[in-house]
Amino acid sequence: MDRYIKLIDKLYQKHTLSDAEWTSLIASRTPELSEYLFSLARDVRERYYGKDIYVRGLIEFSNYCKNDCLYCGIRRSNRNVHRYRLEEDMILSCCREGYELGFRTFVLQSGEDASYTEDRLANLIRKIRRNFPDCAITLSVGEWERSSYQAFFDAGADRYLLRHETYNDKHYSMLHPASLSAKKRRQCLWELKEIGYQVGTGFMVGAPFQTAQLLSEDMLFLEELNPQMVGIGPFIPHHNTPFKDEAAGTLELTLFLLGCIRLMLPKVLLPSTTALGTIHPKGRELGILSGANVVMPNLSPTEVRKDYLLYDNKICTGDESAQCRRCLEQRMESIGYRIVTARGDSLNI
Ligand code: SF4
């Protein structure tokens, strides 16, 4: 026990662990160690971000995807999905509604949908930028050529979310089709950083075939990339995917890793994800109490939310945006935190 307390203290003070230290800490975690970790993680989080919680308004504007990731409910091979694309006017009206509700960051998310060409997406970004000059625009639209990333940045996008999913090449190939690779994924992340985006990356906790050793590689990659945001959430199987019978990731391990990431990258933005709220009724509150400081409620029109299911039993698919916002406000207040109206830029620069 003492040995692992010392590792957590090292992480708190030096923000780094070796590969072997990560592996043994993750494999040997206990409820007592987790409590100790969380108390330090809250301390660090409050040092930089106080009790403030940043909100991001998520707009899932297309569920078409050319890819076939084995864990994903909207993968190309799933013929049971009702596919949709939101028109530009609809996306702008989601932003307008979000703005009135106090959102100052919009996250545009979609599958890799070829009908959204570089020009079409850049035009949309320009319109949002013109209409909402005080808001941050975050893209979560997958892998593109560097020149497209540059075009989106020049059009006014500020941030880009692209989970690396898993650092390990072999593990990556067990979760993805042969057309995708861990190397290309990481290359995209480095290019996004070079262009000047605030970058978010992350992975699923408890993904099939994941081990403590593989998670250690993920932590080392996060340290190396030093992103502005890290999104992790439990893997949850979707019934129409090859992984439908795999076990879900646990709340316990997800919270432990949130605490670890807060100590390793003290100023990073760390969302308490919807997936966390899906596997436990208080998952998002527990995420905040483990060191997270961001929540991402949905601003998509209610009628399409049930079609954007990356995993089963996703919560909040029937609620209006205003209801989501109020619900989260109450949840955060119940644990002594408050949602703020701000862009919520990362201090990890
Ligand atoms: S995870 Fe992303 S890229 Fe992969 S199939 Fe799903 S939406 Fe497409």
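The lone criterion from (1) surrounded by fewer than 24 Cβ atoms within 10 Å (Cβ to Cβ); (2) not in a loop (DSSP other than H, G, I, E, B) left unmet by residue 266 is number (2). Only residues that are at pLDDT 85 or above, assigned to a loop (DSSP other than H, G, I, E, B) and crowded, with 16+ Cβ neighbours inside 10 Å: list them for the range 317-342, please. 337, the sole residue that qualifies. When restricted to residues that are of a type in the set (S, T, N, Q) and either surrounded by 20 or more Cβ atoms within 10 Å (Cβ to Cβ) or under 11 Å from residue 158 (Cα atoms) (or both), the range 184-201 contains 2. If the requirement is being within 16 Å of the ligand (Cβ to nearest atom), within 21 Å of residue 138 (Cβ to Cβ) and out of contact with any Lys or Arg (no Cβ under 9 Å at 6 or more places or on another chain), which of these qualifies: 75, 79, 85? The unique qualifying residue is 85.
Does residue 89 qualify as being over 22 Å from residue 228 (Cβ atoms), of a type in the set (Asp, Glu) and either outside any loop (DSSP other than H, G, I, E, B) or touching a strand residue (DSSP E or B) at 6+ places or on another chain (Cβ under 7 Å) (or both)? Here the answer is yes, as residue 89 does meet what is asked.
Does residue 91 fit the bill of being touching a Lys or Arg at 6+ places or on another chain (Cβ under 7 Å) and more than 16 Å from the ligand (Cβ to nearest atom)? In short, no.
Conditions (1) over 30 Å from residue 234 (Cβ atoms); (2) free of Cβ contacts under 8 Å to residues at least 60 places away in the same chain; (3) out of contact with any strand residue (DSSP E or B) (no Cβ under 8 Å at 6 or more places or on another chain), marked per residue:
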{"site": "102", "(1), (2), (3)": "no, no, no"}
{"site": "106", "(1), (2), (3)": "no, no, no"}
{"site": "110", "(1), (2), (3)": "no, yes, no"}
{"site": "118", "(1), (2), (3)": "yes, yes, yes"}
{"site": "124", "(1), (2), (3)": "yes, yes, no"}
{"site": "129", "(1), (2), (3)": "yes, yes, no"}
{"site": "145", "(1), (2), (3)": "yes, yes, yes"}
{"site": "149", "(1), (2), (3)": "no, yes, no"}
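Can you work out which of the residues in the range 154-168 that are among the charged types (D, E, K, R) and surrounded by 13 or more Cβ atoms within 10 Å (Cβ to Cβ) is farthest from residue 59 (Cα to Cα)?
Residues of the range 154-168 among the charged types (D, E, K, R): 154, 158-159, 163, 165.
From what's left, surrounded by 13 or more Cβ atoms within 10 Å (Cβ to Cβ): 158-159, 163, 165.
On the way: 158: 16, 159: 14, 163: 17, 165: 21 Å.
The qualifying residue farthest from residue 59 (Cα to Cα) is 165.
When the residues of the range 102-126 are filtered to those that are touching a Gly at 6+ places or on another chain (Cβ under 8 Å) and more than 16 Å from the ligand (Cβ to nearest atom), the one that is nearest to residue 145 (Cα to Cα) is 125. Within the range 129-144, if we keep just the residues that are of a type outside the set (Lys, Arg) and away from the ligand (no atom under 16 Å from the Cβ), the residue that is farthest from the chain's Cα centre (by Cα) turns out to be 131.
The values are calculated or read from the model by the stated rules, or taken from the named source; none is laboratory data. Note that the structure is a prediction, hence the values are computed from the model and not measured. As a convention, Cβ positions derive from the backbone with ideal geometry for all residues, glycine included, and neighbour counts pool all protein chains shown.
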